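Working notes for the structure below.
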Amino acid sequence: RDKATSNICTAQALLANMTAMYACYHGPDGLRKIAGRVHSLARFLAAGLERLGHAVQHAVYFDTLAVQHANQTAEDLARIAEAYRINLRVL
């Protein structure tokens, strides 16, 4: 048991250190640039989905969209997206 707890703590510390180094490496301006690109891609996807007749459920979002799909199941949409190398998470 002690070892399992130790491994969990080590894993969490590793993630924290990696996150800190990522932030230090990119700096404040780099992080803003990355965040801007991510949000821009989410907006681009939302606009395309709406043109195809799918409703984006929330007006405010950053990188994650909840989509009300017209006549297709979530699994169908994920399969279609995968063919175009788009990563979707089905909930």
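Give all pairs with beta carbons closer than 7 Å in which a residue from segment 25-36 that is over 17 Å from Asp63 (Cα atoms) and free of Cβ contacts under 8 Å to residues at least 12 places away in the same chain meets a residue that is in a helix (DSSP H, G or I) and not charged (D, E, K, R); count only pairs at least 6 apart in sequence or on separate chains.
Matching pairs, first to second residue: His26/Ile34.
In segment 1-59, what residues are at pLDDT 95 or above, β-branched (Val, Ile, Thr) and within 30 Å of Ile80 (Cβ to Cβ)?
Ile34, Val38
For the condition small (Gly, Ala, Ser) and loosely packed, with under 11 Cβ neighbours inside 10 Å, what is the one hit in Ala55, Ala16? I'd like the intermediate steps shown before the answer.
Values: Ala55 fails: loosely packed, with under 11 Cβ neighbours inside 10 Å.
From the options Ala55, Ala16, the qualifying one is Ala16.
How many of the residues making up segment 76-91 are of a type in the set (Gly, Ala, Ser) and surrounded by 11 or more Cβ atoms within 10 Å (Cβ to Cβ)?
Taking segment 76-91 and keeping what is of a type in the set (Gly, Ala, Ser), we get 78, 81, 83.
Subset that is surrounded by 11 or more Cβ atoms within 10 Å (Cβ to Cβ): 78, 81.
So the answer is 2.
Considering (1) touching a residue at least 12 places away in the same chain (Cβ under 8 Å); (2) exposed (fewer than 10 other Cβ atoms within 10 Å of the Cβ); (3) of a type in the set (A, V, I, L, M, F, W, C), say which one Val60 fails and leave the rest.
Only one criterion in (1) touching a residue at least 12 places away in the same chain (Cβ under 8 Å); (2) exposed (fewer than 10 other Cβ atoms within 10 Å of the Cβ); (3) of a type in the set (A, V, I, L, M, F, W, C) is unmet by Val60, namely (1).
Considering every residue within segment 14-30, establish whether at least one is assigned to a helix (DSSP H, G or I) and touching a strand residue (DSSP E or B) at 6+ places or on another chain (Cβ under 6 Å).
Initially, segment 14-30 is screened for residues assigned to a helix (DSSP H, G or I), giving 14-30.
Checking which are touching a strand residue (DSSP E or B) at 6+ places or on another chain (Cβ under 6 Å) leaves us with none.
So far as segment 14-30 goes, no, none of its residues is assigned to a helix (DSSP H, G or I) and touching a strand residue (DSSP E or B) at 6+ places or on another chain (Cβ under 6 Å).
Can you pull out the residues in segment 41-65 that are touching a strand residue (DSSP E or B) at 6+ places or on another chain (Cβ under 7 Å) and not polar (S, T, N, Q)? Before you say what the answer is, go through the steps one by one.
In the first step, residues of segment 41-65 are kept if they are touching a strand residue (DSSP E or B) at 6+ places or on another chain (Cβ under 7 Å); the result is 46, 49-50, 54-57, 65.
Listed by number, the residues that qualify are Ala46, Leu49, Glu50, His54, Ala55, Val56, Leu65.
The values are calculated or read from the model by the stated rules, or taken from the named source; none is laboratory data. Nothing here was measured: the structure is a model prediction, and the numbers come from that model. Here the Cβ is made from the backbone with ideal geometry for all residues, glycine too, and neighbour counts use every protein chain on show.
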